1. So which pairs qualify, if the first residue must be in the range 100-128 and over 20 Å from residue 181 (Cβ atoms) and at pLDDT 95 or above, the second must be in a loop (DSSP other than H, G, I, E, B) and of a type outside the set (A, V, I, L, M, F, W, C), the Cβ gap must be under 6 Å, and the two must be at least 6 apart or on different chains?
2. Find all pairs meeting these conditions: Cβ atoms under 6 angstrom apart; at least six residues apart or on different chains; first residue within the range 23-40 and within 17 Å of residue 9 (Cβ to Cβ) and loosely packed, with under 10 Cβ neighbours inside 10 Å; second residue of a type outside the set (Ser, Thr, Tyr) and modelled with pLDDT of 90 or more.
3. Whether any residue in the range 70-78 is touching a residue at least 60 places away in the same chain (Cβ under 8 Å) and closer than 12 Å to residue 203 by Cα is what I want to check.
4. State which residue pairs qualify: first residue free of Cβ contacts under 8 Å to residues at least 60 places away in the same chain and inside the range 176-189, second residue not hydroxyl-bearing (Ser, Thr, Tyr) in any location, beta carbons under 7 Å apart, and separation of 6 or more residues or different chains.
5. From the list 133, 115, 156, exactly one residue is under 26 Å from residue 88 (Cβ atoms), open to solvent by 40 Å² or more (accessible area, probe 1.4 Å), touching a Leu at 6+ places or on another chain (Cβ under 8 Å) and not in a helix (DSSP H, G or I). Which is it?
6. Taking residue 88 and the conditions (1) assigned to a loop (DSSP other than H, G, I, E, B); (2) surrounded by 19 or more Cβ atoms within 10 Å (Cβ to Cβ), which numbered condition does it fall short on, given that it satisfies the others?
Amino acid sequence: MATSMTNITSETIQDTIQFWSAKAGYEISEGEAAEIILNLVEYFDVLSDMANSTVTEIGKKLIDEATFTKVGAIDRIVPHVPGLYCVRLVDGAELPERYQHELKKQNSRLIYIGKAERSSLHKRFLQQELRAKGHGTFFRSVGAMLGYTPLPGSLKDKSNQNNYTFSKTDKFAIINWMNSNFEASWVAFEGPFLVEKYLIRMHSPLLNIDDNPQCLTLLKNDRDRCRQIALK
């Protein structure tokens, strides 16, 4: 067990007494408070072990052992179920120079890890993120990375001031670029979707922003530039 009686401070004991006495309807003893703390620690240790096991298993399916398929060939095979997805650069392909430099520093081809939690992989990943049918965070990031910008003022009267979009011509150009230069993997999964955060923290995919310890300022700046243009 990670915690013993000697590791529990008197302050923690008193806080536990105060909290659990109110729940129990009587003042619990210091011994009872210590037992509650130890039981809680043991419980969260078990949860942590379960989470680590799930992350390892999903990571192997999604990244380590997955069969990646070129993005241009997945329209008919992405399933209509919740899950996790991963995008990486095709071996031999290259990103724009500034981003390729960052990817080489990471010694990785991983571009993005995402989730389809309240939707399906087909709708969230394929339709929104890869085919620009809706608001796809990943699609906007790829467009910004490639140097495309939205129409000036296109967000000015919108309630959501963040979801900039590209012209129809530019959307097709971005899609075609991804079809040739990216490949994807996915796993059907129903949760807990906290796994996505752990995988992002472990692998730091280039275009993930949230939960990424190596989040690119470069990407944030390019996305903010697009947003500012759309708000003019």
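1. Note: pairs meeting the criteria are 116/82; 120/80; 121/79; 122/80.
2. Final answer for the pair search is none.
3. no
4. Short answer, once both residue conditions are applied: 177/146.
5. Result of the check over 133, 115, 156: 115.
6. The single condition residue 88 does not satisfy is (1).
The values are calculated or read from the model by the stated rules, or taken from the named source; none is laboratory data. Note that this is a predicted model, so its numbers are computed, not measured. Here Cβ is always computed from backbone atoms with ideal geometry, including for glycine, and neighbour counts include all displayed protein chains. When the accessible area is computed, the model is the full protein with side chains, heavy atoms only, and any ligands, DNA or RNA have been set aside. Shrake-Rupley method; radii C 1.70, N 1.55, O 1.52, S 1.80 Å.
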